[in-house]
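The values are calculated or read from the model by the stated rules, or taken from the named source; none is laboratory data. Because the structure is predicted, anything quoted here is derived from the model rather than measured. Counting neighbours? That spans all protein chains shown, and the Cβs are built from the backbone with ideal geometry, glycine included. Only protein heavy atoms, including side chains, enter the accessible area calculation; ligands, DNA and RNA are left aside. Shrake-Rupley method; radii C 1.70, N 1.55, O 1.52, S 1.80 Å.
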Amino acid sequence: PAVTSPCKILKCNSEFWAATSGSHHLGTEEAPEFCTALRAYAHCTRRTARTCRGDLAYHSAVHGIDDLMVQHNCSKDGPTSQPRLRTLPPGDSQERSDSPEICHYEKSFHKHSAAPNYTHCGLFGDPHLRTFTDTFQTCKVQGAWPLIDNNYLNVQVTNTPVLPGSTATATSKLTIIFKSFQECVDQKVYQAEMDELPAAFADGSKNGGDKHGANSLKITEKVSGQHIEIQAKYIGTTIVVRQVGRYLTFAVRMPEEVVNAVEDRDSQGLYLCLRGCPLNQQIDFQTIRSAQATEGRARRKGPSLPAPPEAFTYETATAKCREKLPVEDLYFQSCVFDLLTTGDVNFMLAAYYAFEDVKMLHSNKDKLHLYERTRDLAPSNAAPLGTTPALWVALLCLSQCWLCLL
């Protein structure tokens, strides 16, 4: 069954948003009603505090409530029934199309210089990670891990076991925090879970809030419940989140300047998109393929999970992955790995969509495919790590010419 979080912070956020929509237009005589809604919000967060420990959205909400209490001179004691306030009037920031120049990254930061260098990071499947430096890894990373952590945003993923007794994990929860930035955007939290891919931020909004450049941060729903895209123009960043089968995938396009915008350099190595997974969390799936094939042929059952939809051998997994991934690169190898490990054909689609996102987001079209030595090659014919087939052929030709000269 799908994993459901007992943390109800999304419900608290949406209730507060519904109660206070348009409250920034209220006169001073209605300020007590806003304070009442704030107290109700605080009460809601306290009720779910025990189940929300470690949840980024929860801690963000708690700090936000304290700040708003101070700003509006609200007492922590008083009524907590939520008032029904007026809705957003026409012309509010939700519909505003103009933005100051500072809220457009390419215009503000690179007006008189070369275009920025963009980088890509993606996470999908079992999970497989492509870092900002085009390093490709397969990792265990069970539980909550930071994916991105810089001066502008935080991204955290939670990975849970796919099957009982297996090391295979996949992303079941994703939290993105966009930090408040100048006159462009308020702090916004986006949270997705298995079977819940919202087309809005946690507070119900779809843009950056009430600031003048609010529309420099927008959410667009591409396919209902399956595919959303977040454009953060003020930092030149595009994020794609998908639900494929039961699990989530993540892909981002971000300027190098934003990637490296970290005040504490010592903590920069903590997030996966920049430094990759710790060595003790990495899986060399090329060396354990035989064991996977054996495991994949056995139909594993658990007390609360149905049997995998299909049991794959190495041959049938390879054939299935070729349907969507004709080039035998690391995305293809990841697909085979996941089918053998999980027996779930949706992991083939996850690898396919991950590569589709790379084609859309990666700035260097010559680096879309990544290759690595595989166990299918005999030792005498094995390509060096990271060498493409075409380059390996060229190296063989050069070696033959050198032998002729000798």
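Summary of computed values
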read-out: Nearest-0.05 FRET efficiency for H43 and N364, computed from C-beta distance (R0 41 Å); value: 0.20
read-out: Heavy-atom SASA rank of M254, M360 (probe 1.4 Å, accessible area, largest first); value: M360, M254
read-out: Spin-label pair T51/R322, simplified geometry with 7 Å Cα→Cβ offset, distance in nm; value: 4.8 nm
read-out: Accessible heavy-atom area order of E229, E328, E315, highest first, probe of 1.4 Å; value: E315, E328, E229
read-out: Spin-label pair E196/V223, simplified geometry with 7 Å Cα→Cβ offset, distance in nm; value: 2.2 nm
read-out: The range 167-237: chymotrypsin sites (Phe, Trp or Tyr not before Pro) in DSSP loop, at most 16 other beta carbons within 10 Å; value: none
read-out: Separation of the Q142 and E101 label points, Cα + 7 Å toward Cβ, nm; value: 5.4 nm
read-out: The range 117-151 and the range 180-205: distance between their alpha carbon centers, rounded to Å; value: 21 Å
read-out: Percent of Cα pairs exceeding the 24 Å cut-off, where the set is the range 102-275; value: 35 percent
read-out: Contour minus Cα-Cα distance for N280 and E372 (0.36 nm per residue); value: 31.1 nm
read-out: Per-residue SASA entry for R253, accessible area with 1.4 Å probe, Å² rounded to 10; value: 60 Å²
